[in-house]
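The next block holds one structure in the form of structure tokens; read it before the comments.
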Amino acid sequence: MKATIDTNETNFTTEVLQAEQPVLVDFWAGWCGPCKMIAPVLEEIAAENAGRIKVAKVDVDANPVLAAQYGIQSIPTLLFFQNGELKDKLVGAIAKRTIVSRLERLAQPANSH
């Protein structure tokens, strides 16, 4: 079973903007080499953080309105949401530890310095 959630223009609000936990959204396409490279990494992150962090995937070819709404110009683009707000963004095939460190910042309470 996949740990990531396929998200589209119909369920994006429910799965991402109304989620109780931080959400990492991967904007990708089937023809994108770097997208295929990071897909297994995102599955690992989703599986390792099940219940704590959501990992959603948006196919830019099938969901052009979402891609335009978030200004996606290069893929893969990873957007980090918390409480329905866009908090961070990474573009390109990023190392797992970089993605995880960004997610951990979101998962921690803001006043935990």
Within the range 13-32, how many residues are within 16 Å of T77 (Cα to Cα) and surrounded by 15 or more Cβ atoms within 10 Å (Cβ to Cβ)?
-> 9
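Would you be able to tell me the number of residues in the range 25-41 that are touching a residue at least 40 places away in the same chain (Cβ under 8 Å), among the aliphatic types (A, V, I, L, M) and either in contact with a Lys or Arg (Cβ under 7 Å, 6 or more places away or on another chain) or farther than 18 Å from K87 by Cα (or both)?
Residues that pass the stated criteria total 4.
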Which one of these is among the acidic types (D, E), within 15 Å of D26 (Cβ to Cβ) and either open to solvent by 50 Å² or more (accessible area, probe 1.4 Å) or at pLDDT 95 or above (or both): E43, E48?
-> E43
K57 vs. criteria of a type outside the set (S, T, N, Q), open to solvent by 40 Å² or more (accessible area, probe 1.4 Å), outside any loop (DSSP other than H, G, I, E, B) and at pLDDT 95 or above = no
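Looking only at residues in the range 67-92 that are farther than 18 Å from T14 by Cα and open to solvent by 50 Å² or more (accessible area, probe 1.4 Å), which one is nearest to the chain's Cα centre (by Cα)?
Ranking the qualifying residues of the range 67-92, first place goes to K89.
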Do you know which of the residues in the range 1-12 that are among the aliphatic types (A, V, I, L, M) and surrounded by 15 or more Cβ atoms within 10 Å (Cβ to Cβ) is modelled with the highest pLDDT?
-> I5
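The values are calculated or read from the model by the stated rules, or taken from the named source; none is laboratory data. Fair warning: this is a prediction, and the values are worked out from it, not measured in the lab. Positions of Cβ are backbone-derived with ideal geometry, glycine not excepted, and every protein chain shown enters the neighbour counts. We work out accessible area using only protein heavy atoms, side chains counted, and drop any ligands, DNA or RNA first. Shrake-Rupley method; radii C 1.70, N 1.55, O 1.52, S 1.80 Å.
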